[in-house]
Amino acid sequence: MSEQVQKESMFSTKNIKLLTDPIGKNNPITVQVLGICSALAVTAKLEPAIVMSISVMFVLGAGNVIISLLRNTIPQRIRIIVQLVIIAALVIIVDQILKAYAYQVSKQLSVFVGLIITNCIIMGRFEAFSMVNKPWPSFMDGIGNGLGYGMILVIVAFFRELFGSGTILGWEVFKTIGLYDIGYVNNGLMILPPMALIVVGVIIWVQRSKNPDLIKD
Amino acid sequence: MQEIFNIFIKSIFIDNMVFAYFLGMCSYIAVSKTVNTSVGLGAAVIFVLGITVPVDYLMNEYLLKPGALVWLDEDFAEVDLSFLSFIMFIAVIASMVQLVEMVVEKFSPALYSSLGIFLPLIAVNCAILGGSLFMQEREYQSLGEATAFALGSGIGWFLAIVGIAAIREKIHYSNVPGPLKGIGITFIITGLMGIAFMSFLGIKL
């Protein structure tokens, strides 16, 4: 067992691939269609989207390692409950930290921090990856999927905040470059929930036109 | 009574789970290929929401809220267990789903064969946990209000998934651009349905 670990270096091509694949070709949101619930609701502004991505990345990375360490001791029949308890414990940690250090953001995220528990990406990665893999590759996989998830969140939030309120992270871009003076008006529709869906739809469209092998159905 | 009815209508149309909060999107996208299966899943969601939210309401009221333990002893008035609510709610949901599955299998095999396969899926459906968390956040005043909210949200979710399934069955025959086929167009249609549902926003209840 230990020889095998040493043979494969920590940053072998295979492990790096685990980290980078979910960012592009195997993105959890646009390709595997997991974890959309929370992805869409928190993207009206950039700040909560970033906080949400970091929280999910933490839960996914830590959870993957814990599950991977326990993978031989968890009884097959009750594994879902065990997984849910581990996720719930990690999410409680995140929630308490957010409430203590970033109260405003945690108010904005409201129930969606709690909903990380039922985020399908996490259950999906536990079932598909960390139940059958060693801790280090599981950690890479968790961080990679967290990054892929975060990337989509940040892209969606960037466009929604820029066109919806004319700001980026609260900094008034359009006012600074003087767009309002020549008659530009913020597109209020971008802040409303339906536009999140349409923006994600367009991202999927762009991604699939670039990688035709993703097209199925 | 009127308040309960208002909450019911509001949670179906105005605060629709799918279009306003994107809850349960994963199964919404995955299981909406045909109308038949989506009716089954929708019914199962109404059913499970209608059971878990009232149970979680009682849980919150008599166990978790700050000062909720007073019924046990006056000394517990200071105790605030609300940080445990995530783990309690998810445990209630997971065990309730298991229980419902067993009861339905025993007493109504016909219902089980149409709902059964969806029940395990529902334990990790965000709409169910979301229902309980919204119930906690909005601080409903009575068990009746919480139940009305749960049933309303379930029916709203049911309407959304049956609607999208019907549209997807039809759009199968349309000439959608290749890269947009499948989930791409489903997202955009859901967005458009959401805009349509926003017309209910003007209703004052």
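Throughout, read-outs are computed from the coordinates displayed, never taken from laboratory work. Values in this document were obtained by computation on a predicted structure and should not be read as measured data. Every residue, glycine among them, receives a Cβ derived from its backbone with ideal geometry; neighbour counts consider all protein chains shown.
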Q. Quick one: Kirkwood hydrodynamic radius for chain A, alpha-carbon pairs, angstrom, one decimal?
A. 18.7 Å
Q.
Can you give the local net charge around B:Y112? Use residues other than it whose beta-carbon is closer than 14 angstrom to its beta-carbon, Lys and Arg +1, Asp and Glu -1.
A. -1
(Q) What is the sum of charges, Lys and Arg at +1 and Asp and Glu at -1, for the other residues whose Cβ falls under 12 Å from the Cβ of B:V79? (A) -4
Q) How far is helix B:126-138 tilted, in degrees, relative to the longest principal axis of the Cα atoms in chain B, given as a value from 0 to 90 rounded to the nearest 10? A) 40 degrees
Q: Hydropathy first: keep DSSP H helices in chain A averaging at least 0.5 on Kyte-Doolittle, then drop any whose Cα extent along the axis falls short of 30 Å, and list what survives.
A: A:46-70, A:79-101, A:135-165
Q. Averaged over B:130-142, how many beta carbons belonging to a partner chain fall within 10 Å of each residue's beta carbon?
A. 2
Q. Hey, what angle do you get for helix B:183-197 against the long axis of chain B, alpha-carbon based, 0 to 90 degrees rounded to 10?
A. 60 degrees
Q) Taking the Cα centre of the protein assembly as shown as the origin, how large is its charge dipole in debye, to the nearest 20, when only Lys and Arg (+1) and Asp and Glu (-1) carry charge on their Cβ atoms? A) 1520 debye
Q. Taking chain B as a Gaussian network, where each spring joins two C-alpha atoms under 10 Å apart, which residue of B:G40, B:G144, B:G50 fluctuates the most?
A. B:G144
Q) Which of B:P177, B:G154, B:I203 sits closest to the plus end of the dipole of the range B:64-205, meaning its Cα is farthest towards the positive end, when Lys and Arg get +1 and Asp and Glu get -1 on the C-beta? A) B:P177
Q: Give the Debye-formula value of log10 I(q)/I(0) at each listed q (0.13 Å⁻¹), with one equal scatterer per alpha carbon of the protein assembly as shown, two decimals each.
A: -1.23
Q: May I ask for the angle, rounded to the nearest 10°, between helix B:85-107 and the longest principal axis of chain B, with both axes built from Cα atoms and the value confined to 0 to 90°?
A: 70 degrees
**Q.** Cross-link reach list, lysines versus A:K45, counting only Cα pairs under 29 Å and skipping chain neighbours closer than eight places
**A.** A:K25, A:K99, A:K107, A:K175, A:K210, B:K10, B:K181, B:K204
Q: Specify the residue with the greatest mean-square fluctuation among B:V104, B:V176, B:V124, computed from a Gaussian network of chain B linking alpha-carbon atoms under 10 Å apart.
A: B:V176
Q: Between the alpha-carbon centers of the range A:9-62 and the range A:64-93, tell me the distance in whole angstrom.
A: 20 Å
Q | Calculated FRET value between B:E137 and B:V103, using beta carbons and R₀ = 22 Å, to 0.05 | A | 0.15
**Q.** Ascending count of other beta-carbon atoms within 10 Å, so fewest first, for B:K181, A:K210
**A.** A:K210, B:K181
Q.
Based on C-alpha coordinates, I'd like the Rg and Dmax of the range B:38-160, in Å.
A. 15.5, 51
Q) On alpha-carbon atoms, Rg over Rh for the range A:90-194 using Kirkwood Rh? A) 1.10
Q.
Can you find, among B:T186, B:I93, A:I168, the residue sitting farthest towards the positive end of the charge dipole of the protein assembly as shown, where Lys and Arg contribute +1 and Asp and Glu -1 at Cβ?
A. B:T186
Q. Just going by the charge dipole of the range B:1-147, with Lys and Arg at +1 and Asp and Glu at -1 on Cβ, which of B:F19, B:A110, B:F134 is farthest out on the positive end?
A. B:A110
Q: Any chance you could check the Cα centroid distance between the range B:61-107 and the range A:142-216 for me, in angstrom?
A: 39 Å
Q: Please express the shape of the range B:129-168 as an equivalent ellipsoid: the semi-axes are the square roots of 5 times the eigenvalues of the C-alpha gyration tensor, given largest first in whole angstrom.
A: 26, 10, 5
